[in-house]
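To start, the structure itself, in structure tokens.
The values are calculated or read from the model by the stated rules, or taken from the named source; none is laboratory data. Only a predicted model underlies this, so the values are computations on that prediction, with no experimental measurement involved. The accessibility values were calculated without ligands, DNA or RNA, using every heavy atom of the protein model including side chains. Shrake-Rupley method; radii C 1.70, N 1.55, O 1.52, S 1.80 Å.
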Amino acid sequence: MYLVRPATAADIPAVRALVLARSAWLEERQMPSWRESADDVAGQAENTDGTMWLLTEETSGRVIGCTTVQQESPPWGWTELELSEPADYLYTTVTDPADRAHRPGTLIALWAVDRAARQGRTWVRRGCMFPGLVRHYETQGFSLIHEVQRTHNHVYLMGRKAEELPGLPVRTQP
């Protein structure tokens, strides 16, 4: 069983270590990493609005993943109608590669879909910059909705309808 809980400033070192572990894994595969952003990502743990959530092992408390959730999609790339729909937007999802067999990123995504539905949201949305991540997120039930050229990046915007998913091995700590 896993626990998802809001991050706090005390979690910054654990989140930084998580980002660096994922960065090493990515670099071993000659993929772009988060290394230069490790401190910025870890700093999201001290948001006073509690938007960063941590996936932890329930018994040990070890952090095995994180994501940041906001209740507004970025204003660029979405239509006015889409922006008017209640949606959670996931970003900065990072998981410990040592736990790949347990698919922590999928657990986080499914938790977000379930949580959004229980809070009356219609959608869970996310964006990424790599076609490989698009394919990965599609395995989690997300669909590619838009592609947007930003100043320096091509961004893939994805979404999945919120729905209750009973039986997830994840418990939420308020």
request  = Go ahead and set up a Gaussian network model of the chain, Cα springs under 10 Å, then flag whichever of Ala101, Ala21, Ala112 fluctuates most.
outcome  = Ala101
ask   = In whole Å, how far is the Cα centre of the range 1-68 from that of the range 83-110?
value = 11
key: Among Leu54, Leu133, Leu157, residue whose mean-square fluctuation peaks in a GNM of the chain (springs only between Cα atoms under 10 Å)   = Leu133
query = Quick one, which of (i) 0.94; (ii) 1.18; (iii) 1.10 is the actual Rg/Rh (Cα atoms, Kirkwood Rh) calculated for this model?
reply = (i)
message = What figure, in Å² to the nearest 10, do you get for the accessible area of Leu165 with a 1.4 Å probe and non-protein molecules left out?
response = 30
Accessible area of the chain divided out per residue, in Å², using a probe of 1.4 angstrom = 52
message = For the chain, set up a GNM with springs between Cα atoms under 10 Å and report which of Ile64, Ile145, Ile12 has the largest fluctuation.
response = Ile145
message = Sequence gap at least 6, Cα distance under 8 Å: using those rules, report the relative contact order of the chain to the nearest whole percent.
response = 22
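How long is the gain from Gln70 to Ala24 if the chain were fully straight, where each residue apart is worth 0.36 nm and the alpha carbon distance is subtracted?
13.8 nm
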ask   = Quick one: length gained pulling Arg103 to Leu81 fully straight, 0.36 nm per residue minus the C-alpha distance?
value = 4.6 nm
note = Applying the span-like rule to the chain (DSSP H, Cα extent along axis at least 15 Å, Kyte-Doolittle mean at least 0.0) gives 12-28, 104-118
request  = Round to the nearest 10 and report in Å² the accessible area of Val63, as given by a 1.4 Å probe over the protein chains' heavy atoms.
outcome  = 20
inquiry  = Counting only helical runs of four or more DSSP H residues, what would the 222 nm mean residue ellipticity of the chain come to if each run contributes -39,500 (n - 2.57) and the total is spread over all its residues?
reply    = -8500 deg cm²/dmol
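Can you put Thr172, Thr151 in order of accessible area, largest first, using a 1.4 Å probe? Don't jump to the answer; show the numbers that get you there.
Values: Thr172 65, Thr151 120 Å².
Putting Thr172, Thr151 in descending order of accessible area: Thr151, Thr172.
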request  = Report, to the nearest whole %, how much of the accessible area of the range 1-132 belongs to carbon and sulfur atoms, 1.4 Å probe, protein only.
outcome  = 53
query = Can you list the residues, at least 5 places off or on another chain, whose amide H is less than 5 Å from the amide H of Met52, using H built in the peptide plane?
reply = Ala7, Asn47, Val69
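Tell me, in nm to one decimal, what length is gained between Glu57 and Gln149 on full extension, where the rule is 0.36 nm per residue of separation less the Cα-Cα distance? Present the calculation step by step, with values, prior to reporting the outcome.
Values: separation 92, 0.36 × 92 = 33.12 nm, distance 3.79 nm.
Taking Glu57 through Gln149 to full extension adds about 29.3 nm, to one decimal.
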